[in-house]
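Single-structure report; data block below.
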Amino acid sequence: MTQIYYPRHIRQISKQGKDLLQKLDRELRDQHHGMFIAIEVDSGDYFIGETMIDADTQARAKHPGKVFYVGRIGHRAAVQFRGHVPVQLREHR
């Protein structure tokens with residue numbers, strides 16, 4: 001049966017994942033700086049990949065159906081948005 005994750009569960013996973021990443025970051029930073037990490041917060045298992053998809057694929061292979069906290073080792077956020085994308089307003093006819 002598929003697990004249903006409610007918003008409060010997602011917030012809890014996010015908080016636990018962020019706390020675990022802060023602890024792991026110190027030991028992983030030298031060897032894996034800039035790589036992505038997917039953390040399964042219930043077990044503490046983590047998976048490192050060159051891309052977010054690599055880390056997620058490894059995590060899902062071991063823990064199918066779970067929700068993971070994804071971060072980037074040595075960075076405050078997993079992804080960064082730069083630049084400006086103009087929004088075009090269209091008239092609806």
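Data overview
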item	result
Residue 42 paired with residue 82, simple spin-label distance in nm, labels 7 Å along Cα-to-beta-carbon	3.9
Footprinting exposure proxy for 43, 14 (fewest neighbouring C-beta atoms within 10 Å first)	43, 14
Potential extension, residue 57-residue 18 segment - 0.36 nm per residue separation minus Cα distance	12.1 nm
Ranking of 10, 48, 37, 73 by count of other Cβ atoms within 10 Å, fewest first	10, 48, 73, 37
DSSP-loop GluC sites (Glu not before Pro) across segment 23-57, with at most 15 other Cβ within 10 angstrom	50
Table column - 3J(HN,Hα) (Hz), segment 30-36, Karplus curve with 6.51, -1.76, 1.60, x for Gly and Pro	4, 8, 10, 4, x, 7, 8
Likely footprinting exposure, 67, 79, fewest C-beta neighbours within 10 Å first	79, 67
Residues with amide H under 5 Å from that of residue 78, placed H, sequence gap 5 or more	72
Assigned charges on the beta-carbon of Lys, Arg, Asp, Glu; segment 15-72 dipole about Cα centre (debye)	160
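Bear in mind these aren't lab numbers, they're just calculated from the coordinates by the rules spelled out. Since we're looking at a predicted model, the values are computed, not measured. Counting neighbours? That spans all protein chains shown, and the Cβs are built from the backbone with ideal geometry, glycine included.
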